[in-house]
Amino acid sequence: MLQTSLKIDVRKTPVSRISELDMKNLQFGKYFSDHMFVAEYADGQWSKAEILPYGKMEISPANSAFHYGQAIFEGMKAYRTEDGKINLFRPEANWRRLNISAERMAMPNVSEELFMEGLTQLVQMDSAWVPSEKGTSLYIRPFMISTDEYIGVKPADTYKFIIITSPVAAYYNAPVRVLVETNYIRAVEGGIGFVKAAGNYGRSLFPTRLAQQRGYQQIIWTDARNHRFLEESGTMNAMFMIDDILITPPLGDTILAGITRDSVLTLARDWGYRVQERKISIDEVLDAHKKKTLQEAFGTGTAATIAHISGIGFEGRDYELAPVEERIFSNRVAVELEGIRKGRIEDKHNWVYQIK
Ligand SMILES: *Cc1c(COP(=O)(O)O)cnc(C)c1O
């Protein structure tokens, strides 16, 4: 258990905005709960942790994060259980990953206590914002930015670690058509593909827009050297079920270590599937498609859990996959994860962290 010596100052909002919220018409990432958590880093340590009303912050135009991109984030969710409690899913994994990102971006570490106390106290305070309808949740966005008022290039001396939350509707898992991208790249060995950094998202928007103009929803990124090996599907980890073997690219510099990825692989192994974390080329996938052994292709991530891939575009041709209803594994794993998060299914791996 965590020591709760951390002092968080609390300034409550005089009037809650929750009555303005139409829980039936939530759009992802558009509405924010009443409060936010903010901690400041200066002189080599975190101090001044507070929960305060969600609102605009004053930032210098010379703020270094704007100019040089020391900006990292996490994405996680709080789920309402049937008996009204609130569950987080593997929050310590988000804390660990935030620090992996921080190290690569020359930013300071956040202690487990600061992360967990900030997170749990904020969610407790805004617990009314955790929706209860099927498939809904409170999306949580912890992030860290540099805050030096200085435009010389160097790691900043001051930072803010902030957590904001946003109620989200049930995610409609429309299957996506993906384009295998062989021109632009997301990540390269030695780069920051494994980091949840703002810059990784910024660089992906233009190629994704080009793919969308051609009728695809997402890109499947390929390796930077040969454009043969598949990497990630948009901002999700990519998985393929070929001949009853679950295959996903191995973790490394260019792959973000998704918590959903790890959870899906763990459940697959529990259920006796063969699981391979190895390089997988577009040639292998198309060959399996031809032999009719490509059973499933999907992305994994916190926002959607599973995003089925309905078709793959490559070198001017489109390859259609089996209807979503026939996809035994990915449908089963989506239901299982939802059940574990909502406390309906036994949590064998101790993934659920209940907020008291
Ligand atoms: C966040 C993210 C994922 C998914 O990670 P989860 O922990 O499963 O949400 C996958 N790929 C990229 C590039 C990401 O940024």
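Report yes if some residue within region 239-249 is away from the ligand (no atom under 13 Å from the Cβ), touching a residue at least 12 places away in the same chain (Cβ under 8 Å), open to solvent by 40 Å² or more (accessible area, probe 1.4 Å) and in the same structural domain as ARG332 (by TED's automatic domain parsing); otherwise report no. Yes - at least one qualifying residue is present in region 239-249. Might you let me know whether region 187-210 holds any residue that is closer than 25 Å to GLU320 by Cα, within 16 Å of the ligand (Cβ to nearest atom) and touching a residue at least 60 places away in the same chain (Cβ under 8 Å)? There is no residue in region 187-210 that is closer than 25 Å to GLU320 by Cα, within 16 Å of the ligand (Cβ to nearest atom) and touching a residue at least 60 places away in the same chain (Cβ under 8 Å). Every condition in (1) open to solvent by 50 Å² or more (accessible area, probe 1.4 Å); (2) within 9 Å of the ligand (Cβ to nearest atom); (3) on the phi > 0 side of the Ramachandran plot is met by GLY234 except one, and the failing one is (1). Here SER47, SER64 are screened, and the one residue that is crowded, with 20+ Cβ neighbours inside 10 Å and more than 16 Å from the ligand (Cβ to nearest atom) is SER64.
Every test in (1) over 29 Å from GLY202 (Cβ atoms); (2) out of contact with any Ser or Thr (no Cβ under 8 Å at 6 or more places or on another chain) is passed by GLN276 save one, and that test is (2).
Looking at region 302-315, can you tell me whether even one residue there is aromatic (Phe, Trp, Tyr) and more than 16 Å from the ligand (Cβ to nearest atom)? Yes: region 302-315 contains one or more residues that are aromatic (Phe, Trp, Tyr) and more than 16 Å from the ligand (Cβ to nearest atom). Here GLY152 clears all of (1) away from the ligand (no atom under 16 Å from the Cβ); (2) not in a loop (DSSP other than H, G, I, E, B) except the condition numbered (2). A Cβ distance below 8 Å, combined with a sequence gap of six or more or placement on separate chains, defines the contacts here; from region 259-271, residues that are under 12 Å from THR302 (Cα atoms) reach residues that are of a type in the set (Lys, Arg) in the pairs ILE259/ARG90; ILE259/ARG97; SER263/ARG90. Scanning for something open to solvent by less than 40 Å² (accessible area, probe 1.4 Å) and either part of a loop (DSSP other than H, G, I, E, B) or at pLDDT below 95 (or both), does region 159-166 turn up at least one residue? No - not one qualifying residue is present in region 159-166. Do we find that ALA187 is open to solvent by 30 Å² or more (accessible area, probe 1.4 Å) and aliphatic (A, V, I, L, M) in this structure? Here the answer is no, as ALA187 does not meet what is asked. Scan region 87-105 and give yes if some residue there is over 29 Å from LEU256 (Cα atoms) and open to solvent by 40 Å² or more (accessible area, probe 1.4 Å), otherwise no. No, region 87-105 contains no residue that is over 29 Å from LEU256 (Cα atoms) and open to solvent by 40 Å² or more (accessible area, probe 1.4 Å). Considering GLU296, GLU336, GLU326, the condition of being in contact (Cβ under 8 Å) with a residue 40 or more places away in the chain and open to solvent by 20 Å² or more (accessible area, probe 1.4 Å) is satisfied by GLU336 alone.
Selection of region 255-280 for residues being touching a strand residue (DSSP E or B) at 6+ places or on another chain (Cβ under 6 Å) and of a type in the set (Val, Ile, Thr) yields THR260, VAL264, VAL275, ILE280.
When restricted to residues that are within 23 Å of the chain's Cα centre (by Cα) and more than 13 Å from the ligand (Cβ to nearest atom), region 253-281 contains 9.
A residue that is at pLDDT 95 or above, over 24 Å from LYS134 (Cα atoms) and either among the acidic types (Asp, Glu) or crowded, with 16+ Cβ neighbours inside 10 Å (or both) cannot be found anywhere in region 24-32.
The values are calculated or read from the model by the stated rules, or taken from the named source; none is laboratory data. If you're wondering where the values come from, they're calculated on a predicted model, not measured in any experiment. Neighbour counts run over all protein chains shown; Cβ positions are idealised from the backbone, glycine included. Side chains included, ligands, DNA and RNA excluded: accessible areas come from the protein's heavy atoms. Shrake-Rupley method; radii C 1.70, N 1.55, O 1.52, S 1.80 Å.
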